[in-house]
Structures are given as structure tokens and as C-alpha cells.
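The structure appears below as C-alpha cells.
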Amino acid sequence: MIGYLRGEVLEVREDGVLLLCGSVGYEINMAHSCVLELEAGKEISLYIAESISPYDGTVLYGFLTKEDKELWTLFKTAIPNTGAKKALELLNKALRSVADFHKAIVSKDPKILTGIFGFTAKTAEKLINSLKDKMDAVSVQGESKIKVLDDSPYMTPVLEALSALGYSAAEARRAIEKLYAQGLNPNDQIENIIKEALRVLKK
């Protein structure tokens, strides 16, 4: 069984990569948010999980960290009717902030799951019921983003402006989270922050 691969990225695809290891190219599925961090021609290391599909045979799933792989495995094994591909979709959303996802599950707060991560109310309830007693075993990466953003002076006016332009609260927050991760200057003018958020939303 393959557990780890290191090689050159031959192709970056929307749902994964083609990784050259020695003289063999491996097609590896990955969370879209992780794929965005990769670049063709660069050497990377991935933690690997194998899944057997009745249609595609053995399928490889790649993760940038051991913790990502553990969280994906938890989704696949603990949540009813969740296969490898669905678990990857859940992981892609959870990776926006593992610390906040962990907090939402442990505190049984569906509003965080729907408002910040974009899960439906039904999925949020399913996640909480399935994971509430298992999240303590998960390694938490990074710090909480929610309090930092909510305490920021630009948060409310930017959200109101984007809402007036037709964007949902979840879409607006995700755009601001992305800007925050890129090093958003909290002292910048509100108008500039709104423009940057719109640029993210229109991509």
C-alpha cells in the first residue's frame, strides 16, 4: 500500500495532480484548495491514501499534511454514507480553518458550519452528530480565524456592502478570509478592501 510519495508535479488539475516519481506518473486526487497551492515543475511530498472503486479500481488521494489525511479518514469512516470522494469535498471546506471547524463540531454550533464553511443545514447537523465525540482525536492546524475577523473594524461595513451587491454572507466571509490569509491590511481604506473582496468573488 502506498502511504507517501515525493516527486515532480507534471500537471496541476482542478481535482488533483499528475506526480512523477522516478519514471512512474501517479494520478492523485486532492482537495481543490490544496491544488491551488501547487505548481507544475515543482517537487512536492504528499501523504497518500488508497481507495478501491468498483468503477475506477484503485484511486489515490493526496494530502499536504498528515493532519489533512487524518481528517479525511475520519470523515470517510465516521460519517454515514460518505465515500472517499465525498470525504474529500468535506475536507476541502474544512480546510478553510480547521481550528474553527473543530470548534464548531465540539460546541455543536451549526451556524458556524453553514455561515463560514458553506455546508447546508442538513449536512451541518449530520457532521455534528457524527463527529462530536471524535474531534478531540484530530490534530488542529492553525489558529481560529473567526474571532480575528469578527473583531476587525472593517468586517461589518464590508459585509454590508457585499450583501447590498447581492452576495450571501457566506460568500462575503469566504472572500474576506482569503484576503486575510493573503495578508490583508486592516488599516486599509474600506473601499479598497471591498474592491479586493469583489476581485476574489469574481474569480
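A Gaussian network model of the chain, with springs between Cα atoms under 10 Å, assigns the largest mean-square fluctuation among LEU71, LEU127, LEU162 to LEU162.
Could you order peptides 27-40, 48-61 by the average number of other Cβ atoms within 10 Å of their residues, highest first?
Values: 27-40: 17.1, 48-61: 13.3.
Top of the packing list down: 27-40, 48-61.
Excluding ILE128 itself, what net charge comes from residues whose Cβ is under 15 Å from its Cβ, given Lys and Arg +1 and Asp and Glu -1? Numbers along the way, then the final one.
Working: positive: LYS93, LYS103, LYS108, LYS111, LYS122, LYS126, LYS132, LYS134; negative: ASP100, ASP109, GLU125, ASP133, ASP136.
Taking every other residue near ILE128 into account, the sum is +3.
Between their Cα atoms, which of LYS66/LYS93; LYS76/LYS111; LYS76/LYS122; LYS76/LYS178; LYS86/LYS132; LYS111/LYS202 are more than 21 Å away from each other? Checking Cα-Cα distances, LYS76/LYS111; LYS76/LYS178; LYS111/LYS202 exceed 21 Å.
Hey, got the dipole for the chain? About the Cα centre, +1 on K and R Cβ, -1 on D and E Cβ, debye to the nearest 20? Display every interim value, and only then the final one.
Working: 26 positive and 28 negative charges, 104 e Å.
In total the dipole reaches around 500 debye.
Rounded to the nearest 10 degrees, the angle from helix 169-181 to the longest Cα principal axis of the chain is 70 degrees. A straight chain from ILE44 to GLU67 at 0.36 nm per residue would run longer than the Cα-Cα distance by 6.6 nm.
At R0 = 25 Å, how high is the FRET efficiency between LYS86 and GLU125 if r is their beta carbon distance? Nearest 0.05 is fine. Don't jump to the answer; show the numbers that get you there.
Working: r = 16 Å, r/R0 = 0.65.
Given R0 = 25 Å and the Cβ-Cβ separation, E is 0.95.
Neighbours of TYR4 by Cβ distance under 11 Å: Lys/Arg scored +1, Asp/Glu scored -1, total +3.
Once the other residues with Cβ under 14 Å from the Cβ of ILE190 are scored (Lys, Arg +1; Asp, Glu -1), what is the net sum?
Numbers: positive: LYS195; negative: GLU160, ASP188, GLU191, GLU196.
Around ILE190, the surrounding residues sum to -3.
Between 0 and 90 degrees, rounded to the nearest ten: what's the tilt of helix 121-131 against the longest Cα principal axis of the chain? The answer is roughly 60 degrees.
Laboratory data are not the source of any read-out in this text; all were calculated from the coordinates shown. Just so it is clear, the model here is predicted, and its values are computed rather than measured. Because the Cβ atoms are built from the backbone with ideal geometry, glycine has one as well, and the counts that use them run over all protein chains shown.
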